[in-house]
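Here, each number is a calculation from the coordinates, and none is a lab measurement. All values derive from a computational prediction rather than experimental measurement. Reconstructed Cβ throughout: ideal geometry from the backbone, glycine too, with neighbour counts over all protein chains shown.
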Amino acid sequence: MNNDLKQTEELRRLSHLLETKSNEYKTCYSNISHLQQSIDKITENYNHIKKEIDYLLFGQDRNNKENKDIISDIKKTDQTVYKLIEKLSGILWMPEET
């Protein structure tokens, strides 16, 4: 009987621990979901700004020294942003919520 009581206590403890870890997982999942939404919004805004830049550069002399420098900076920023997006996409793999 004493052994059964110990096993029941251990079962309760492990059940509580499992529930705690499950809640931690749900919190992490929620945080990742919010982060993904933020990244999507930032990406949307970034792409909108890029469209505005393309519009402003349309008809401009792209060989002008100042414009060349700006275009070069934009290309560097693009490379950085797309590398970050690739890394974040790998990190933010979202399993199906259960």
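General remarks:
- Kirkwood Rh, Cα atoms: Rg over Rh of the chain: 1.41
- Each Lys and Arg adds +1 at its Cβ and each Asp and Glu adds -1 at its Cβ; summed about the Cα centre, the chain shows a dipole of about 260 debye.
- Per-peptide packing, taken as the mean over residues of other Cβ atoms within 10 Å, places 71-82, 12-23 in the sequence 71-82, 12-23 from highest down.
- In the chain, the longest principal axis of the Cα atoms and the axis of helix 2-57 are about 10 degrees apart.
- Lys/Arg +1, Asp/Glu -1 at C-beta; segment 2-91 dipole; positive extreme among ASN47, ASN31, THR80: THR80
- CD proxy at 222 nm, helix term only [per DSSP H run n ≥ 4: -39500 (n - 2.57); per residue of the chain; nearest 500]: -31500 deg cm²/dmol
- Set LYS65/LYS87; LYS26/LYS87; LYS26/LYS51; LYS26/LYS83; LYS41/LYS75 screened for pairs whose C-alpha atoms are more than 30 Å apart: LYS65/LYS87; LYS26/LYS51
- Axis angle, to the nearest 10 degrees, between helix 65-91 and the longest C-alpha principal axis of the chain: 20 degrees.
- For segment 7-54, size of Cβ-based charge dipole, Lys and Arg +1, Asp and Glu -1, in debye: 60
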